[in-house]
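Below: one structure, written as structure tokens.
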Amino acid sequence: MRDAFGGIVNISIIVVFIVIVSGYLAFNVNYTKAFRVKNKIITNLEQYEGNCAPGSPCAGDISTYIKGIGYNTSAPNITGTGVTCVDEYGYCYQEFSTGTSDNIKHYYKVTTQINIDIPIINKIMPSLRVFQLSGNTKLIKKP
């Protein structure tokens with residue numbers, strides 16, 4: 001009887017270990033995608049000097065990139081003035097202004113999120129389902 005019980009315990013330990021490692025790998029893959037999308041949006045906002053309205057070449061480049069790497073999540077829940085959320089692709093950016101009235105510069109805060117959809121973890125900790133990543137652009141002087 002002792003040997004049978006030891007075998008079941010060993011198998012359950014192995015299964016728990018595999019679930020934890022798989023969850024960690026899934027988190028890393030989703031984190032990497034969200035980080036790469038954030039960096040691409042920051043690069044495009046700087047390159048197009050903040051002109052990333054829907055339908056613009058900047059927004060087209062971002063959507064093509066997002067579709068290419070397979071990033072899919074809902075947009076972060078961010079409120080405030082100057083916030084633009086693109087629900088279809090799961091990111092938001094907010095415009096801020098600095099400087100004097102004759103030399104106004106802008107910068108953007110970009111927020112993406114990591115979507116973790118692992119059923120066991122979602123049952124245990126439902127509030128840890130979404131993590132957000134954010135970053136800022138350099139100062140941009142609009143033409």
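Please state which of the following conditions Ala59 fails to meet, knowing it meets all the rest: (1) free of Cβ contacts under 8 Å to residues at least 60 places away in the same chain; (2) under 30 Å from Val21 (Cα atoms); (3) surrounded by 14 or more Cβ atoms within 10 Å (Cβ to Cβ); (4) small (Gly, Ala, Ser).
Of everything listed in (1) free of Cβ contacts under 8 Å to residues at least 60 places away in the same chain; (2) under 30 Å from Val21 (Cα atoms); (3) surrounded by 14 or more Cβ atoms within 10 Å (Cβ to Cβ); (4) small (Gly, Ala, Ser), Ala59 misses just condition (2).
So how many residues does the stretch 15-38 have that are within 15 Å of Cys92 (Cα to Cα) and touching a strand residue (DSSP E or B) at 6+ places or on another chain (Cβ under 7 Å)?
Qualifying residue count for the region: 4.
Collect the residues in the stretch 36-54 that are among the small types (Gly, Ala, Ser) and either buried (at least 21 other Cβ atoms within 10 Å of the Cβ) or in contact with a Phe, Trp or Tyr (Cβ under 8 Å, 6 or more places away or on another chain) (or both), keeping them in residue-number order.
Passing the criteria: only Gly50.
Scan (1) touching a residue at least 24 places away in the same chain (Cβ under 8 Å); (2) within 22 Å of Ile120 (Cβ to Cβ); (3) aliphatic (A, V, I, L, M) for the single condition Ile41 breaks and write down its number.
(2)
Condition first: more than 16 Å from Gln113 (Cα to Cα), small (Gly, Ala, Ser) and either assigned to a helix (DSSP H, G or I) or in contact with a helix residue (DSSP H, G or I) (Cβ under 6 Å, 6 or more places away or on another chain) (or both). Can you find one or more residues in the stretch 31-53 that meet it?
No, the stretch 31-53 contains no residue that is more than 16 Å from Gln113 (Cα to Cα), small (Gly, Ala, Ser) and either assigned to a helix (DSSP H, G or I) or in contact with a helix residue (DSSP H, G or I) (Cβ under 6 Å, 6 or more places away or on another chain) (or both).
Going by the structure shown, is Asn77 within 30 Å of Val19 (Cα to Cα) and in contact with a Gly (Cβ under 8 Å, 6 or more places away or on another chain)?
Considered against the rule, which asks whether it is within 30 Å of Val19 (Cα to Cα) and in contact with a Gly (Cβ under 8 Å, 6 or more places away or on another chain), Asn77 comes out as no.
Hey, among Tyr65, Tyr31, Tyr89, Tyr24, which residue is surrounded by 14 or more Cβ atoms within 10 Å (Cβ to Cβ), more than 27 Å from Lys142 (Cα to Cα), of a type outside the set (A, V, I, L, M) and out of contact with any Cys (no Cβ under 9 Å at 6 or more places or on another chain)?
Tyr31
Here's the yes/no breakdown for (1) under 20 Å from Thr112 (Cα atoms); (2) assigned to a loop (DSSP other than H, G, I, E, B); (3) modelled with pLDDT under 90:
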{"position": "Gly7", "(1), (2), (3)": "no, no, yes"}
{"position": "Ile18", "(1), (2), (3)": "no, no, no"}
{"position": "Phe27", "(1), (2), (3)": "yes, no, yes"}
{"position": "Lys67", "(1), (2), (3)": "yes, no, no"}
{"position": "Cys85", "(1), (2), (3)": "yes, no, yes"}
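The values are calculated or read from the model by the stated rules, or taken from the named source; none is laboratory data. This structure is a prediction, so every number in the text was calculated from the model and none was measured. Please note: Cβ atoms are built from the backbone with ideal geometry, for glycine as well, and neighbour counts cover all protein chains shown.
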